[in-house]
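The values are calculated or read from the model by the stated rules, or taken from the named source; none is laboratory data. Quick caveat, the model's predicted, so the values are computed rather than measured. Glycine gets a Cβ as well: all are built from the backbone with ideal geometry, and neighbour counts include every protein chain shown.
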Amino acid sequence: MTDMVGKILHNRYKILRPVGVGGMAEVYLAQDMLLDREVAVKILRAQFNNDKSLLEQFRREAQSAARLIHPSIVNIFDVCEENSLYFIVMEYVDGRTLKSILEEQGPLKPFWAVHIACELAAALQHAHNRNIIHCDIKPHNVLINKSMTPKIADFGIARMVTSQTMVYTSSVIGSVHYLSPEQAGGCPVTAQSDIYSLGIVLYEMLTGHVPFDGKTAVAVAMMHLEKTPPPLKTYDPDLPDSLQEVIDKALAKDPADRYATAEEMWQDLYNIKTKMLQESVEEDYAEMLGITAISKNELAEPTGKIYDWANDNEEGAPEETIIMKPAFNKSTDEIVQEAAAINRRERRNKYIKLFALVAILSAVFLMVGNVFSRKTVDVPNVVGKSVVEAQKTLEKSGFTVKLDEEYDEKVTPGYVIKQEPEGISKRKEGSEITLVVSKGLEMLEMPDLIGRKLDNAKKFLSDLGYETGVVTYKFVAGKPADSVLEQAPKAKNKTPKGSKVDLVVCRDPKDLSMPDVMGSSLNDAKKALTELGIMDITVRYVESGSSEGSIVGMEPPAGSKFAADGKVVLQVSSGSHPQSVNKYAEFVVPQGSGTQDVQIILIDANGQRTVYQGAQKAGVRIRQKVEVTGSGKVQFFCNNKMVEEKNL
């Protein structure tokens, strides 16, 4: 990523530093030199440049997303292509991802979780009104700025990847933990898919856990289709029932049972938030998160246009009161009748269990018989196909499919790397075929190498699956020789496995001698010294017969060992300067009527300057003392006309 730092894209955007990396793109902080503002530049990875359909979708989706103007959506300013680089210029948000906050702080206070979800629902409705579906709502794509305003990133970028990729890869789009059941099942997404994902995000903010987790992405996808998430009170018994109702409706398996629009979900969340504010349950959580404190009035004031729907005076629906019926004594006859009913139910249950056992045994016999009666068919070769296409092909041939995953940087995420058994072999109909699906690049957290010895750092990188890149040396006083001073990428950045890591190592001064820079220009001398790691350079100018700007002295001298403190003093020639002497210039004001404006101008090695100016009568003699540097002359003017010139 460091290769881009300092480059100027589109004659406008100067790359300052990397700020993030993902499976599809890298993100940099840049300076918009035209508008003098900081922006974020997301550059598509080079490995996707040859996919024309993906590039076209990249441009189309990004341009569509640029139409979204909302306080809780990261604005897109520009979509560009330059020298095979495809990049998007967007708003730079000075803050943190919601995921990093959750990982560091754990679950949020209920008020803040509702506040953030409310703003996100408003942003989604704004996008849905413009027929744009995000498809990848998750805490990783939500930025929280210093005023606690959430901002959704990557609008349109998720659509760069096909639906089947979103089902089976966690390295490109992020995590399968936030996908809706229809996405997990390979069905078309709708606006309600975003609502489901927002429900997952709200669940995680409230509990600190995602509702479904497993060893593989496929296992998690199946949970979305089949399992019910644990109730909120499993993690926090004090969470209100009203939030459980929102979660239940947002996470309904059938889209028809979910909120019809993000607006509906927003309204329920806004009512809960309003009630919390009225009951003063909000916590001073901002200070804990390191954000700007927000007043209660500011929290009550919505930020997005969606809030035009809300009635600020609405008190919210009261919680339903459950009335328990009073207990009463039963008669002896009633007790006898109930006991008889219980006996009848027990006998009926025995018959049901017996019937179920017979049914199961019959099914087993049928299956065994079917195994021997099935015909043998060819196994299609589906390596290189998308997982959805591969599944359809195998199931059409009568096989069942089992899915596994592996990281593979050479195979596009969501495509089949290998199959077992291999294609063109023969198997019985109904046999299970195992497909290994690519998860794309494996993203690892960059370790902290600062302070390690070079050999130790190289071995440490190799053990983790990285390569050592360019190693440069510089001297820093007080740092151990051969220790790592800087690294790129920096520690804790998510970086593809196998990436090269550039290192800057402290040079041992005992191994080096001072270079001879005598007679060099100041710039050349500084360059020679800094390349050796000498940064503490003092420049002193002295008069000399040598050419101006050349080095005429240095301490320590050339050829000596490096100074222990790493300091170098360079003496630079300021050139030879002529002496200054005092002389007198005499002039007589010529004849004329009245007074005349008189001016005496001196021209010498220091340039031109006026040494006398005033009004004098005709015939007056003027004797002016002047300080002349080198050779010089004086000019005598009367009424702006030169009358006489003398050399001094």
> Is it true that Thr149 is over 25 Å from Asp257 (Cβ atoms) and at pLDDT below 50?
Replying inline: no
>> Filter the range 100-121 down to the residues that are touching a residue at least 24 places away in the same chain (Cβ under 8 Å) and closer than 17 Å to Ala153 by Cα and list them by number.
In response: Ile101, Ile116, Ala117, Cys118, Glu119, Leu120, Ala121
> How many of the residues in the range 273-296 are in a helix (DSSP H, G or I), out of contact with any Phe, Trp or Tyr (no Cβ under 9 Å at 6 or more places or on another chain) and at pLDDT 50 or above?
Replying inline: 3
> What do you reckon, is Ile88 at pLDDT 90 or above, in contact with a Cys (Cβ under 8 Å, 6 or more places away or on another chain) and either of a type in the set (A, V, I, L, M, F, W, C) or over 21 Å from Lys494 (Cα atoms) (or both)?
Replying inline: yes
> When only residues in the range 581-606 that are farther than 15 Å from Leu648 by Cβ and not polar (S, T, N, Q) count, which is surrounded by the fewest Cβ atoms within 10 Å (Cβ to Cβ)?
Replying inline: Gly594
> Scanning the range 556-580 for residues that are among the aliphatic types (A, V, I, L, M) and surrounded by 13 or more Cβ atoms within 10 Å (Cβ to Cβ), which turns out modelled with the lowest pLDDT?
Replying inline: Ala563
> Quick one: what pairs do we get from the range 423-436, first residue under 8 Å from Asp378 (Cα atoms), second acidic (Asp, Glu) and modelled with pLDDT of 85 or more, C-beta under 7 Å, 6+ apart or different chains?
Replying inline: Ile424/Asp378; Lys426/Asp378
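Which of the residues that make up the range 134-150 are in a strand (DSSP E or B) and either surrounded by 21 or more Cβ atoms within 10 Å (Cβ to Cβ) or on the phi > 0 side of the Ramachandran plot (or both)? I'd like the intermediate steps shown before the answer.
Step one: list which residues in the range 134-150 are in a strand (DSSP E or B), which gives 142-145, 150.
Val142, Leu143, Ile144, Pro150 - these are the residues of the range 134-150 that are in a strand (DSSP E or B) and either surrounded by 21 or more Cβ atoms within 10 Å (Cβ to Cβ) or on the phi > 0 side of the Ramachandran plot (or both).
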>> Gln57 - would you say it is of a type outside the set (A, V, I, L, M) and either assigned to a strand (DSSP E or B) or touching a helix residue (DSSP H, G or I) at 6+ places or on another chain (Cβ under 9 Å) (or both)?
In response: yes
> Which ones in the range 237-259 are surrounded by 13 or more Cβ atoms within 10 Å (Cβ to Cβ) and part of a loop (DSSP other than H, G, I, E, B)?
Replying inline: Leu239, Pro240, Leu251, Ala252, Lys253, Arg258, Tyr259
> Just for strands (runs of 3 or more DSSP E) wholly inside the range 62-102: which have at least 1 residues that are closer than 17 Å to His10 by Cβ and in contact with an Asp or Glu (Cβ under 9 Å, 6 or more places away or on another chain)?
Replying inline: 76-82, 85-91
>> So Ile424 ticks every box in (1) at pLDDT below 85; (2) more than 20 Å from Pro496 (Cα to Cα); (3) touching a Ser or Thr at 6+ places or on another chain (Cβ under 9 Å) but one. Which box is left unticked?
In response: (3)
>> It is to be established whether one or more residues within the range 590-612 are among the aromatic types (Phe, Trp, Tyr) and under 30 Å from Met518 (Cβ atoms).
In response: no
> Looking at Leu16, Leu29, which is the one that is in contact (Cβ under 8 Å) with a residue 40 or more places away in the chain, closer than 25 Å to Leu503 by Cβ, of a type outside the set (Val, Ile, Thr) and touching a Leu at 6+ places or on another chain (Cβ under 9 Å)?
Replying inline: Leu29
> When only residues in the range 122-133 that are within 22 Å of the chain's Cα centre (by Cα) and either of a type in the set (Gly, Ala, Ser) or modelled with pLDDT of 90 or more (or both) count, which is surrounded by the fewest Cβ atoms within 10 Å (Cβ to Cβ)?
Replying inline: Ala127
>> With more than 24 Å from Val21 (Cα to Cα) and either touching a strand residue (DSSP E or B) at 6+ places or on another chain (Cβ under 6 Å) or assigned by TED's automatic domain parsing to the domain that holds Ala219 (or both) as the only criterion, which of Ile450, Ile433, Ile424 stands out?
In response: Ile433
> Among the residues of the range 106-133, how many are farther than 18 Å from Met148 by Cα and part of a loop (DSSP other than H, G, I, E, B)?
Replying inline: 5
> Scanning the range 37-74 for residues that are within 28 Å of Gln125 (Cβ to Cβ), at pLDDT 85 or above and more than 14 Å from the chain's Cα centre (by Cα), which turns out surrounded by the fewest Cβ atoms within 10 Å (Cβ to Cβ)?
Replying inline: Ile69
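Answer with yes or no whether Ile43 is in a strand (DSSP E or B), of a type in the set (Val, Ile, Thr) and either out of contact with any Lys or Arg (no Cβ under 9 Å at 6 or more places or on another chain) or more than 13 Å from Tyr92 (Cβ to Cβ) (or both).
Here the answer is yes, as Ile43 does meet what is asked.
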>> If a residue must be assigned to a loop (DSSP other than H, G, I, E, B) and either in contact (Cβ under 8 Å) with a residue 40 or more places away in the chain or on the phi > 0 side of the Ramachandran plot (or both), how many such residues does the range 180-208 contain?
In response: 6
> Only one of these conditions is not met by Ser520: (1) surrounded by 16 or more Cβ atoms within 10 Å (Cβ to Cβ); (2) within 30 Å of Val611 (Cβ to Cβ); (3) of a type in the set (Ser, Thr, Tyr). Which number is it?
Replying inline: (2)
>> Which pairs turn up if I take residues in the range 488-501 that are at positive phi and look for partners that are surrounded by fewer than 18 Cβ atoms within 10 Å (Cβ to Cβ) with beta carbon separation below 8 Å, at least 6 apart in sequence or on another chain?
In response: Lys492/Glu445; Lys492/Asp448; Gly498/Glu409; Gly498/Gly465; Gly498/Glu467
> So which pairs qualify, if the first residue must be in the range 66-80 and of a type in the set (Ser, Thr, Tyr), the second must be buried (at least 17 other Cβ atoms within 10 Å of the Cβ) and part of a strand (DSSP E or B), the Cβ gap must be under 6 Å, and the two must be at least 6 apart or on different chains?
Replying inline: Ser72/Pro150; Ser72/Lys151
> Only one residue in Val437, Val484 is touching a Phe, Trp or Tyr at 6+ places or on another chain (Cβ under 9 Å) and either under 30 Å from Ala25 (Cβ atoms) or surrounded by 18 or more Cβ atoms within 10 Å (Cβ to Cβ) (or both). Which one?
Replying inline: Val437
